[in-house]
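Colleague: Let me begin by handing over the structure; questions about it come next.
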């Protein structure tokens, strides 16, 4: 969930809850006030009625003053000295509009005036006050709804404005590539926290970049500088090997030094090749048919395929033509196929090559266990049974990365499959 | 056959000279662009080995100099970095071949032989031994006067060995010369061994003497 969506949801829920509670509290307070106001009016009416009765006036005269219904009944003796309020619903028949129920409030009291006892009831419709309250309620709710919508829009707008440097930073980090050697430059911001965040990330990436550069240069330099001493060792040994008056021990020692030098030399070649790819020294391109190159590669490796009695199945569903560097692609195919042959079963294995719209895959049988996907393309990961799988695979990965392709590895029963999406 | 080696790494240069001298070439050397050019004007060489990274400039200058003044001379470029651009540039301005350090001495010798053959120096297109003749123009092998039937790989191995007579050729060098970037695979399969075995058998069947000697654990020798 996006940060802004989340804060907006929280804000909206809080606003709605706050306003709902507020509205009900206000409403309740108004109703209480209205009730006590009315009670006062009733008590005033009571005073007026008693006063009028004392003066011997007819009750009808002050009907209009109070504006409601007054019923005065003479009773034998006063039994109650309390003011009794009650509320009930009364059906009123209005002209042509049918029945309507109206809340009515009534005050009952008894009094004794000039030795005569009366029971008096004053009643009044509540609808008028209630209507006002309902009206106010409606207006308030409407205002609140408008306020909520307004706040929501405002919040979104402000948040977007406030968080825009943050999102800018985020998108720039996402697309940042250590290999491109471009510094990260963020949008200027006057928010301290974001400013600090950007500064920290800038410093961090600069550090990473310079470390990476140094490491890369170091690897490059080492592999380049190693070539001359390696050549000297190699030629010296080859010259030494020309002599044939060695004892068994010397003979074996020379042989081992020679073989170790060869291995070192091959490793060095791969490292140099990798840094050359990284330094974009294979950028020239030509249009090639992937299918044709695969077919040629299979023919090229026929000797080795036959030696292991491997059956090669090709399934070319389409013909892929690509603009790429043939040297680099040849290295890629070479490594993929050599691995597929080298680690195949000793006898009667298979290699299956499938070419699809935008991908091709090479699947081979093997007795090697599944390779850990996390480390498969790392430079010096070794399979427990092989010595040089790692360099070959990381070279493959380097070329795949160079073309922004994607490679996947899967293992099923006794077969390993590499699929390249172009 | 006179060769000029322009290489600043003394140790390497000495080994190259030692090896090539044993292969019956006479070698001169220079260690800078300037002294190389001096040597070139003083003596007539058949082929020059030029290192591209020299202390006083690029070997490319020397190559250009040779091309303009002695176009009939063979040129092999040697460089530490296997840079594609250098290679293309070197070949474009007229170098005949290109070797990356470190290289096998036998490979260097085979390349020199091949450059000299192509440039037809001394009309020597046939490697001939007592009862064996290898015509490298026609790609024919004549044993006691009759043509032998060899596979392409067997032929390549024979030429490689014969262009390095009396030298020990390691199986690694042979594998690299014949199988190139698949040499590692060839080694795992003992392909060199089986090809040599077949070749020896064919030479034997043709009634030739045992030219190819196996040096146990190390490689092979072509003995006249």
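Derivation of every value follows stated rules applied to the coordinates shown; laboratory data play no part. Computed from a prediction, not measured in an experiment: that's the story for all the values here. Ideal geometry is used to build each Cβ from the backbone, glycine not excepted, and the neighbour counts take in all protein chains shown.
Colleague: For the range B:1-54, what is the relative contact order in percent, using Cα pairs closer than 8 Å and at least 6 residues apart in sequence? Please list the in-between numbers first.
Modeller: Working: 76 pairs, mean separation 29.2, N = 54.
The normalised contact order for the range B:1-54 reaches 54 percent.
Colleague: Rounded to the nearest 0.05, what FRET efficiency do residue A:89 and residue A:192 have when you use their Cβ-Cβ distance and R0 = 51 Å? Show your work: numbers first, answer last.
Modeller: Values: r = 64 Å, r/R0 = 1.26.
In this case the efficiency is close to 0.20.
Colleague: Mind checking A:222-234 for the average number of partner chain beta-carbons within 10 Å of each residue's beta-carbon? Can you show the working numbers first?
Modeller: Working: counts 0, 1, 3, 1, 2, 7, 9, 5, 3, 11, 9, 3, 10.
Other-chain Cβ atoms within 10 Å of each residue's Cβ, averaged: 5.
Colleague: Still on this structure, I have one more. For a protection proxy built on the mean count of beta-carbon atoms within 10 angstrom, sort B:157-169, B:15-27, A:189-201 highest first, please.
Modeller: Values: B:157-169: 22.4, B:15-27: 17.5, A:189-201: 13.6.
In descending order of packing, they fall as B:157-169, B:15-27, A:189-201.
Colleague: Next up: Compute the helix-to-body angle for B:152-162: its Cα long axis versus the longest principal axis of chain B, expressed 0 to 90° and rounded to tens.
Modeller: Between the helix axis and the principal axis of chain B, the angle is about 60 degrees.
Colleague: Further, regarding this structure: To check my understanding: the extent here is largest minus smallest coordinate of the Cα atoms along each principal axis. What are those three numbers for chain B, in Å, largest first?
Modeller: Dimensions of chain B along the principal axes of its Cα atoms: 54, 37, 29 Å.
Colleague: Another question about this same structure. Under the rule of -39500 (n - 2.57) per DSSP H run of 4 or more residues, summed and divided by the residues of chain B, what mean residue ellipticity at 222 nm is obtained, to the nearest 500 deg cm²/dmol?
Modeller: Numbers: 9 runs with 98 residues, N = 224.
Result for chain B: -13000 deg cm²/dmol, rounded to the nearest 500.
Colleague: Follow-up question, since we're still on this one. If you take the beta carbon distance between residue A:315 and residue A:210 as r and set R0 to 45 Å, what does 1/(1 + (r/R0)^6) give as a FRET efficiency, to the nearest 0.05? Let's see the in-between values first.
Modeller: Values: r = 48 Å, r/R0 = 1.06.
That pair, residue A:315 with residue A:210, gives E of 0.40.
Colleague: Another question about this same structure. In Å³ and rounded to a whole number, note down the convex hull volume per residue for the Cα atoms of the range B:140-224.
Modeller: Details: hull volume 7.3 nm³, N = 85.
Measuring per residue, one finds 86 Å³ for the Cα hull of the range B:140-224.
Colleague: On to the next question. First check a/c for the range A:263-325, with a ≥ b ≥ c the square roots of the eigenvalues of its C-alpha gyration tensor; if it is under 1.5, answer rounded, and if not, answer prolate when a/b is larger than b/c or oblate otherwise.
Modeller: Working: a/c = 3.57, a/b = 1.22, b/c = 2.92.
Oblate, since a/c reaches 1.5 and b/c is not below a/b.
Colleague: Could I ask something else about it? Using a 7 Å offset from Cα along Cα-Cβ at residue A:180, what residues in the range A:204-225 end up with backbone N under 19 Å from the label point?
Modeller: Under cut-off, by backbone N: A:204-213.
Colleague: Helix B:105-118 versus the longest principal axis of chain B: what angle, 0 to 90°, nearest 10, using Cα atoms?
Modeller: 80 degrees
Colleague: In nm, what is the difference between 0.36 nm times the number of residues separating residue A:152 and residue A:112 and their Cα-Cα distance? Please report the intermediate quantities before stating the final value.
Modeller: Working: separation 40, 0.36 × 40 = 14.40 nm, distance 6.48 nm.
Full extension from residue A:152 to residue A:112 adds 7.9 nm.
Colleague: Going by a ≥ b ≥ c, the root eigenvalues of the Cα gyration tensor, does the protein assembly as shown fall in the rounded group (a/c under 1.5), the prolate group (a/b larger than b/c) or the oblate group? Intermediate results must be reported in sequence, preceding the final value.
Modeller: On the way: a/c = 5.36, a/b = 3.76, b/c = 1.43.
Prolate, since a/c reaches 1.5 and a/b exceeds b/c.
Colleague: Also: Once you average over the residues of B:9-15, how many Cβ atoms of partner chains fall within 10 Å of each Cβ?
Modeller: Numbers: counts 5, 1, 7, 8, 2, 4, 9.
Counting Cβ atoms of other protein chains within 10 Å of each residue's Cβ and averaging gives 5.
Colleague: Please work out how much length the chain gains when fully extended from residue A:278 to residue A:133, using 0.36 nm per residue of separation minus the C-alpha to C-alpha distance, in nm with one decimal. Each step should come with its number before you reach the end.
Modeller: Numbers: separation 145, 0.36 × 145 = 52.20 nm, distance 7.76 nm.
The residue A:278-residue A:133 span can extend by a further 44.4 nm.
Colleague: What does the range B:42-118 give for Rg and for Dmax, in Å, if only its C-alpha atoms count?
Modeller: Values for the range B:42-118 (Cα only, Rg and Dmax): 11.8, 33 Å.
Colleague: Also, I was wondering about something else. For chain A, what does -39500 (n - 2.57) per DSSP helix run (n ≥ 4), summed and divided by total residues, give at 222 nm, in deg cm²/dmol to the nearest 500?
Modeller: On the way: 9 runs with 235 residues, N = 422.
Computed ellipticity for chain A at 222 nm equals -20000 deg cm²/dmol.
Colleague: Let me ask something else about it. For chain A, what is the relative contact order in percent, using Cα pairs closer than 8 Å and at least 6 residues apart in sequence? Working shown, then result.
Modeller: Numbers: 466 pairs, mean separation 35.7, N = 422.
Reported relative contact order: 8 percent.
Colleague: Okay, moving on. Write down, largest first, the equivalent ellipsoid semi-axes of the range A:202-284 in whole Å, where each equals the square root of 5 times an eigenvalue of the alpha-carbon gyration tensor.
Modeller: On the way: eigenvalues 295, 37, 16 Å².
Semi-axes (√(5λ), whole Å): 38, 14, 9.
Colleague: Here's something else I'd like to know. Grab the Cα-Cα distance for residue A:373 and residue A:286, subtract it from 0.36 nm times how many residues apart they are, and report the gain in nm with one decimal. Can you show the working numbers first?
Modeller: Numbers: separation 87, 0.36 × 87 = 31.32 nm, distance 3.28 nm.
Stretched out fully, the residue A:373 to residue A:286 stretch lengthens by 28.0 nm.
Colleague: Rounded to the nearest 5, what % of the DSSP beta bridges within the protein assembly as shown are antiparallel ones? Don't skip to the end; give the middle numbers.
Modeller: Details: 70 of 94 bridges.
Of those bridges, close to 75 percent are antiparallel.
Colleague: Something else about it: Determine the shielding of peptide A:238-245 by partner chains: average, over its residues, the number of Cβ atoms on other chains within 10 angstrom of each Cβ. Please report the intermediate quantities before stating the final value.
Modeller: Numbers: counts 15, 9, 2, 8, 8, 1, 4, 0.
Per-residue shielding by partner chains comes out at 6.
Colleague: For the pair residue B:26 and residue A:245, what calculated FRET efficiency results from E = 1/(1 + (r/R0)^6), where r is the Cβ-Cβ distance and R0 = 41 Å, to the nearest 0.05?
Modeller: 0.95
Colleague: Can you divide the C-alpha Rg of the range A:110-219 by 2.2 N^0.38 Å and report the result to two decimal places?
Modeller: Numbers: Rg = 35.3 Å, N = 110, 2.2 N^0.38 = 13.1 Å.
My calculation over the Cα atoms of the range A:110-219 gives 2.69.
Colleague: Taking the Cα centroid of the range A:317-364 and of the range A:200-235, what is the distance between the two, rounded to the nearest whole Å?
Modeller: Centre-to-centre (Cα) distance: 31 Å.
Colleague: Determine, for each peptide in A:361-369, A:156-164, the mean count of other beta carbons within 10 angstrom over its residues, then list the peptides with the highest first. Write down the numbers at each step before the final one.
Modeller: Numbers: A:361-369: 18.2, A:156-164: 12.8.
Going from most to least packed, we get A:361-369, A:156-164.
Colleague: Still on this model: Note the angle between two axes, namely the Cα long axis of helix A:127-175 and the longest principal axis of the Cα atoms of chain A, as a number of degrees from 0 to 90, rounded to the nearest 10.
Modeller: Tilt relative to chain A: about 10 degrees.
Colleague: Along the Cα-to-C-beta direction of residue A:26, a point sits 7 Å from the Cα; which residues of the range A:151-189 have their amide N less than 17 Å from that point?
Modeller: Counting only backbone N, you get A:151.
Colleague: Quick check on the range B:1-98: take the gyration tensor over C-alpha atoms, sort the square-rooted eigenvalues as a ≥ b ≥ c, and tell me if it's rounded (a/c under 1.5), prolate or oblate.
Modeller: Numbers: a/c = 1.43, a/b = 1.20, b/c = 1.19.
Here the range B:1-98 falls in the rounded category.
Colleague: Additional query: With label points built 7 Å along Cα→Cβ from the Cα atoms of residue B:151 and residue A:401, find their separation and express it in nm.
Modeller: Rounded to a tenth, the inter-label distance reads 4.0 nm.
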